[in-house]
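A short write-up of the structure that comes next.
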Amino acid sequence: MKIVFLGTSGSMPTPSRGSSAVAVRRSREIILFDCGEGTQQRMVAARLGFRRPTRVFISHLHGDHILGLPGLLETMTLLRRERSLYVYGPRGLIEFIKAFSSVLGGPGFPLEVHEIVEGGTVFSCPGYRVEAARADHEGECWSYALVEGPRPGKFHPDRARALGVPEGPLWKRLQQGEDVELNNARSVRSSEVVDPPKQGRKIAYSGDTRPTEAVVRLAEDADILIHEATFDDSLGERAAEDGHSTASQAAEIAAAAKVGLLLLTHISSRYPDPGVLLEQAKLVFPNTKVAEDLMEIEIPL
Ligand SMILES: [Zn+2]
Ligand SMILES: [Zn+2]
């Protein structure tokens with residue numbers, strides 16, 4: 001699983017930072033968090049492709065997070081995408097998509113739009129689920145977490161053999177966590193031959209938000225928290241007014257949620273050098289990086 005930052009700017013893009021969008025590549029699939037203007041261009045640069053199974057999770061209906069949707073749909077249509085595209089986000093998203101589609105023409109592939117009305121699991125499939133929690137911004141805004149299910153522990157064939165389990169269907173059942181009974185009426189527990197399941201990976205994405213307990217809970221024990229840090233600490237009042245976070249506030253959320261790595265994004269155009277944000281955040285949460293456009297982060301199993 002790999003994170004690719006497509007856009008890391010605050011509301012105003014800069015020569016080196018485009019509007020908000022983060023892609024997660026998980027096996028063949030792309031999970032996109034926000035879709036700011038120019039997302040499709042940076043997807044080309046990142047060679048992500050437009051025909052893959054894709055789900056887009058929009059945090060809120062501010063232009064710097066959604067204006068990439070018309071372009072993305074257009075590009076996918078031009079490339080004759082056939083597969084359905086799934087888009088999730090706050091109330092009003094359907095109206096927004098209808099409005100631009102009525103001018104541009106609808107997409108040339110099936111589009112399913114889901115408006116989120118309450119937090120919790122908003123999508124799940126066999127390998128992972130996406131949870132939403134209400135962020136603290138202007139209007140309805142959602143933070144998201146991609147949470148993988150636990151992975152089965154390692155199976156030890158030598159132990160199975162030693163316990164007299166013949167290779168074949170019984171091995172499979174043991175691997176799936178089932179206890180089995182042998183012909184001699186002796187039973188073998190799965191835990192005797194399989195290691196305990198391993199926790200899956202978890203990525204949390206704040207969207208625009210003031211620091212909030214809801215994101216701490218959502219991001220608990222995540223491998224990676226992608227949190228907005230629009231301002232440095234000297235502009236704390238401005239951050240509170242505009243519904244944003246400072247670098248230290250993002251770091252406090254990361255520390256409280258006990259995440260592995262904090263990535264700061266949504267960087268205001270006033271910081272051509274984001275060094276000050278990094279310094280301030282690191283004092284609170286040392287394992288912090290500032291995201292850059294097209295930066296890629298692998299998350300190993
Ligand atoms: Zn924004
Ligand atoms: Zn916003």
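Mind counting the residues in segment 1-43 that are touching a Ser or Thr at 6+ places or on another chain (Cβ under 6 Å), closer than 19 Å to Pro53 by Cα and either within 14 Å of ligand 2 (Cβ to nearest atom) or of a type in the set (Asp, Glu) (or both)?
Adding up the residues that qualify gives 2.
I need the full set of residues from segment 134-144 which are surrounded by 22 or more Cβ atoms within 10 Å (Cβ to Cβ) and either in a strand (DSSP E or B) or more than 16 Å from ligand 1 (Cβ to nearest atom) (or both), in order please.
The answer is Trp142, Ser143, Tyr144.
Within segment 3-22, restricting attention to residues that are more than 10 Å from Gly36 (Cα to Cα) and near ligand 1 (Cβ under 10 Å from one of its atoms), which residue is surrounded by the fewest Cβ atoms within 10 Å (Cβ to Cβ)?
Met12
Going residue by residue through segment 63-84, is there one that turns out to be outside any helix (DSSP H, G or I), within 16 Å of ligand 2 (Cβ to nearest atom), polar (S, T, N, Q) and at pLDDT 95 or above?
The answer is no; no qualifying residue exists.
Would you be able to tell me the number of residues in segment 158-214 that are in a loop (DSSP other than H, G, I, E, B), buried (at least 18 other Cβ atoms within 10 Å of the Cβ) and either among the polar types (S, T, N, Q) or within 16 Å of ligand 2 (Cβ to nearest atom) (or both)?
7
Looking at His266, His227, which is the one that is buried (at least 19 other Cβ atoms within 10 Å of the Cβ) and on the phi > 0 side of the Ramachandran plot? Spell out the reasoning first.
Values: His227 fails: on the phi > 0 side of the Ramachandran plot.
Answer to the selection: His266.
Quick check on segment 236-254: of everything there that is under 19 Å from Phe285 (Cα atoms) and of a type in the set (A, V, I, L, M), which residue is nearest to ligand 1 (Cβ to nearest atom)?
Per the stated criteria, the residue is Ala250.
Which count do you get for residues in segment 270-293 that are touching a residue at least 40 places away in the same chain (Cβ under 8 Å), touching a Phe, Trp or Tyr at 6+ places or on another chain (Cβ under 9 Å) and either of a type outside the set (A, V, I, L, M, F, W, C) or part of a helix (DSSP H, G or I) (or both)?
3
If the Cβ limit is 7 Å and pairs must be 6+ apart or interchain, which residue in segment 245-260 that is under 14 Å from Asp136 (Cα atoms) pairs with which residue that is β-branched (Val, Ile, Thr)?
Ser245/Thr209; Ser245/Thr230; Ile253/Val215; Ile253/Val216
The values are calculated or read from the model by the stated rules, or taken from the named source; none is laboratory data. Here the structure is a predicted model, which means the values were calculated and not measured. Please note: Cβ atoms are built from the backbone with ideal geometry, for glycine as well, and neighbour counts cover all protein chains shown.
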